[in-house]
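Participant: Have a look at this one.
Readers should treat all values here as calculations from the given coordinates under stated rules, not as data from a laboratory. Quick caveat: nothing in here was measured; it's all calculated off a predicted structure. Positions of Cβ are backbone-derived with ideal geometry, glycine not excepted, and every protein chain shown enters the neighbour counts.
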Amino acid sequence: MDIEFNQPCQVGNELAYIEDAIARGKTSGNGFYTEQCHDFFSNRYGFSKCLLTTSCTDALEMCALLLDIQPGDEIIAPSFTFVSTVNAFVIHGAKVVFADSEASHPNIDAQGIEELITDKTKAIVVVHYAGMACDMDEILSVAQKHDVPVIEDAAQGIDAYYKEQPLGSLGSLATFSFHETKNISSGEGGMLVINEPKYQHRSNLIWEKGTNRTDFKRGLVDKYEWVDKGSSFLPSEFNAAYLYGQLECVDQIQDKRVTIWNHYYNKLEELEQKGFISRPIMPSYATQNGHLFYVLCRSKEERSELIAYLYDKSIRAVFHYLPLHLSEYYKSKHDGRSLPNAKRFADRLLRLPLYYDLTSDQQDKVISAIYDFYGQVEE
Ligand SMILES: *Cc1c(COP(=O)(O)O)cnc(C)c1O
């Protein structure tokens, strides 16, 4: 049987809650289960305000609307990320000033941000790759010095911490993803966290299609009308119900994923010692949340051979991210700086299968196939 790269899981009351949402007679957005999810995040992580969205991409677009991004504005973002991190701003006319990765980690090179700031910079968007925190003290202090808001793309960052503070609680705004490929999922789904009080009221208007429906529901205004820009960012109660079923099992899901991650890490040590691959280097201020496990191959060619070798054994492993500054869409718009670390991670990084239902037999099959590829015997 094939070992897929990813497989969505169903672990708790997801289906019962969808039936209950139907029984409650409200299946559009912002109902009972949406509120349950918001409360879950406030209680567990202390987020002061959350809004579920249809995707992380949409949550990022809400950020662009909240910051009132205009043509000619600049945002700073890593090149080594998923396209949504920057596309949300680009569709509003922003120019992306791409930053390199750290030498030892795919995350944005925090020391390199300050020299990219200009008087047009409207936001610094950082991505916690693999759920491992960026160097937030450094990033926040540069941002504060230049009075630029920080947005955390925490799509991969659920239940992960920076110096004991949950990811998503550090920037002015933060976004999460509940896409099928993430730890906690509702098929498609996302969330915006609004930490900075000055954005909180407007976030509801943008969320509710530019209307003051939330104020109206709370009895704060006597009519419900068009007051701002906005769009349809609310997920249905079906999605929220499924998501809530998953959130109730977050510890169970996280324990399993972290166990799988640690097993890869420990078992592949010998191949690292022999110089064939490198394992992830975890910054001391970060935790890992079992989102994704990667190894770095010695070259792009060797990585392609390893992918093909695993594929022949019915194991699906995938590389991650073509750097955005070299992409078909953006290469002619990029300012020409070379970003060697982003390029190196893009060329050499290989992600291994990691999902809740991956069995230990399957995982051991993946590990021994990698040993076989390098002509080594696992000890
Ligand atoms: C998955 C992901 C996204 C997009 O999430 P969607 O919910 O699919 O829109 C954005 N940024 C990063 C870093 C991601 O990993």
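Participant: Put one equal scatterer on each alpha carbon of the chain, apply the Debye formula with no solvent term, and list log10 I(q)/I(0) at q = 0.07, 0.08 1/Å to two decimals.
Facilitator: These q points yield log10 I(q)/I(0) values of -0.32, -0.42.
Participant: Quick one: helix 56-66 against the long Cα principal axis of the chain, what's the angle to the nearest 10°, folded into 0 to 90?
Facilitator: 40
Participant: List the chymotrypsin sites (Phe, Trp or Tyr not before Pro) in the range 168-236 that DSSP assigns to loop (not H, G, I, E or B) and whose Cβ has at most 14 other Cβ atoms within 10 Å. Which are they? Don't skip to the end; give the middle numbers.
Facilitator: On the way: sites: PHE176, PHE178, TYR199, TRP207, PHE216, TYR224, TRP226, PHE233; in loops: PHE178, TYR224, PHE233.
The qualifying sites are TYR224.
Participant: Also, I was wondering about something else. Once label points are set 7 Å from the Cα along Cα→Cβ at both VAL83 and TYR374, what is their separation, rounded to one decimal in nm?
Facilitator: Roughly 3.4 nm, to one decimal.
Participant: If you stretched the chain out fully between SER231 and ASN262, how much longer would it get, using 0.36 nm times the residue separation minus the C-alpha to C-alpha distance? Numbers along the way, then the final one.
Facilitator: Working: separation 31, 0.36 × 31 = 11.16 nm, distance 4.15 nm.
Fully extending the segment from SER231 to ASN262 adds 7.0 nm.
Participant: I'd like to compare 33-43, 290-300: which one has the highest average count of other Cβ atoms within 10 Å, and what's the full order after that?
Facilitator: Numbers: 33-43: 18.1, 290-300: 19.7.
The packing order, highest mean first, is 290-300, 33-43.
Participant: Right, here's the next one. Magnitude of the Cβ-charge dipole of the chain, K/R +1 and D/E -1, about the Cα centre, nearest 20 debye?
Facilitator: Numbers: 36 positive and 54 negative charges, 135 e Å.
Dipole of the chain, to the nearest 20 debye: 640 debye.
Participant: What does the highest-first list of 124-130, 268-274 look like by mean Cβ count within 10 Å?
Facilitator: Details: 124-130: 27.6, 268-274: 14.3.
The peptides rank, most packed first, as 124-130, 268-274.
Participant: Please work out how much length the chain gains when fully extended from SER141 to LYS331, using 0.36 nm per residue of separation minus the C-alpha to C-alpha distance, in nm with one decimal. Could the numbers behind the result be given before it?
Facilitator: Numbers: separation 190, 0.36 × 190 = 68.40 nm, distance 3.02 nm.
Difference between extended and current length: 65.4 nm.
Participant: Still on this model: About its Cα centre, how strong a charge dipole does the range 313-379 have in debye, to the nearest 20, once Lys and Arg get +1 and Asp and Glu get -1 at the Cβ? Mind dumping the intermediate values first?
Facilitator: Numbers: 10 positive and 9 negative charges, 114 e Å.
With Lys and Arg at +1 and Asp and Glu at -1, about 540 debye.
Participant: Putting +1 on Lys and Arg Cβ atoms and -1 on Asp and Glu Cβ atoms, find which of VAL295, HIS320, GLN273 reaches farthest to the positive end of the dipole of the range 272-329.
Facilitator: GLN273
Participant: Quick one: net charge around GLY189, please, counting Lys, Arg +1 and Asp, Glu -1 for every other residue with C-beta under 14 Å from its C-beta. Present the calculation step by step, with values, prior to reporting the outcome.
Facilitator: Values: positive: LYS182; negative: GLU14, ASP58, GLU180, GLU188, GLU237.
Summing Lys/Arg as +1 and Asp/Glu as -1 gives -4.
Participant: Hey, how many Å between the Cα centroid of the range 127-148 and the Cα centroid of the range 76-125?
Facilitator: Each part's Cα centre sits 11 Å from the other's.
Participant: Can you give me the angle between helix 32-45 and the longest principal axis of the chain, using Cα atoms only, in degrees from 0 to 90, rounded to the nearest 10?
Facilitator: Result, in degrees: 60.
Participant: Measure nothing but the geometry: give the 0 to 90° angle between the long axis through the Cα atoms of 14-23 and the longest principal axis through the Cα atoms of the chain, rounded to 10°.
Facilitator: 20
Participant: If R0 is 30 Å, what FRET efficiency do you get for TYR311 and ILE91 from their C-beta distance, rounded to 0.05?
Facilitator: Details: r = 35 Å, r/R0 = 1.18.
After rounding to 0.05, the efficiency reads 0.25.
Participant: Still on this structure, I have one more. Kindly work out what percent of the DSSP beta bridges joining two residues of the chain are antiparallel, to the nearest 5.
Facilitator: Numbers: 21 of 37 bridges.
Approximately 55 percent, going by the DSSP bridge assignments.
Participant: For the range 64-194, what is the percent of antiparallel DSSP beta bridges, rounded to the nearest 5?
Facilitator: On the way: 8 of 23 bridges.
Here the share of antiparallel DSSP bridges comes out near 35 percent.
Participant: What is the sum of charges around LYS145, taking Lys and Arg as +1, Asp and Glu as -1, for the other residues whose C-beta is under 12 Å from the C-beta of LYS145? Show your work: numbers first, answer last.
Facilitator: Values: positive: none; negative: GLU114, GLU138, ASP147.
Net charge in that neighbourhood comes out at -3.
Participant: Length gain on complete extension for the stretch THR181 to VAL318, per 0.36 nm per residue less the alpha carbon to alpha carbon distance?
Facilitator: On the way: separation 137, 0.36 × 137 = 49.32 nm, distance 1.28 nm.
Taking 0.36 nm per residue and subtracting the Cα distance, the gain is 48.0 nm.
Participant: Using a 7 Å offset from Cα along Cα-Cβ at THR27, what residues in the range 207-247 end up with backbone N under 11 Å from the label point?
Facilitator: Backbone N within reach: 237-239.
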